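Step one of this worksheet: look at the structure below.
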Amino acid sequence: AFALLDTLLGGGTSSRLFKEIRENRGLAYDIGSYMVAYRDAGLYIVTGGAAPEKLELVLDLIEHELSRLRTEGPTDDELARAKTQIRVGLALAAESTGYRMHHLTASEIYWGRVLTFEEINAGVDAVTVEDVRELSETALSSDGHALVAIGPVERL
């Protein structure tokens, strides 16, 4: 569910953040997200670059998209596209020796066994719109936000 949430929000050129902040408004050259997962904790990071005078607007737009996922969740079409994007990415990554080694290691660390690609695909397929919305409600709560800004930015 978290991989799908990440794909929907900031995982590529079809993500909500990329479309709204870069494509529709031209406020940032780079905008995206990624997760850092551990066995019992993790980070979810939204990253981007914008002119200092656009920073507050970009931050407001990011918060708006986080809020939309918390309250509305994704649409059926968005979720279907995100699932396809993950499945295709997994198939392409499986061709890489480096990715396969990372997958073996991460599977052992996180689950104590190696997950097959079929199991991963089945897990992706099983995620519902409501699963993503519920996860968003918890994981994207505004209580846990922190901001790091590099450059000529006044305190926000």
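The values are calculated or read from the model by the stated rules, or taken from the named source; none is laboratory data. Keep in mind the model is a prediction, meaning the values are calculated, not measured. Note that we place each Cβ from the backbone using ideal geometry, even for glycine, and neighbour counts take in every protein chain shown. SASA here: full protein model, heavy atoms, side chains in, ligands and nucleic acids out. Shrake-Rupley method; radii C 1.70, N 1.55, O 1.52, S 1.80 Å.
Only residues that are open to solvent by less than 70 Å² (accessible area, probe 1.4 Å), without any contact (Cβ under 8 Å) to a residue 12 or more places away in the chain and outside any helix (DSSP H, G or I): list them for the range 66-99, please.
S96
Consider the range 1-56. How many of its residues are more than 15 Å from the chain's Cα centre (by Cα) and outside any helix (DSSP H, G or I)?
12
Which condition from (1) at pLDDT 95 or above; (2) open to solvent by 50 Å² or more (accessible area, probe 1.4 Å) is the one that H102 breaks?
Going through (1) at pLDDT 95 or above; (2) open to solvent by 50 Å² or more (accessible area, probe 1.4 Å) one by one, H102 breaks only (1).
V148 passes all but one of (1) without any contact (Cβ under 8 Å) to a residue 12 or more places away in the chain; (2) among the β-branched types (V, I, T); (3) in a helix (DSSP H, G or I); which number fails?
(3)
Select from the range 122-153 the residues that are acidic (D, E), open to solvent by 70 Å² or more (accessible area, probe 1.4 Å) and in contact with a Leu (Cβ under 9 Å, 6 or more places away or on another chain) and list them in ascending order.
Across the range 122-153, the qualifying residue is only E137.
Report, by residue number, each residue of the range 106-133 that is of a type in the set (V, I, T), in contact (Cβ under 8 Å) with a residue 40 or more places away in the chain and farther than 28 Å from E65 by Cα.
Within the range 106-133, I109 is the sole residue that qualifies.
Return the only residue of E20, E53 being at pLDDT below 95 and open to solvent by 20 Å² or more (accessible area, probe 1.4 Å).
Only one candidate qualifies: E53.
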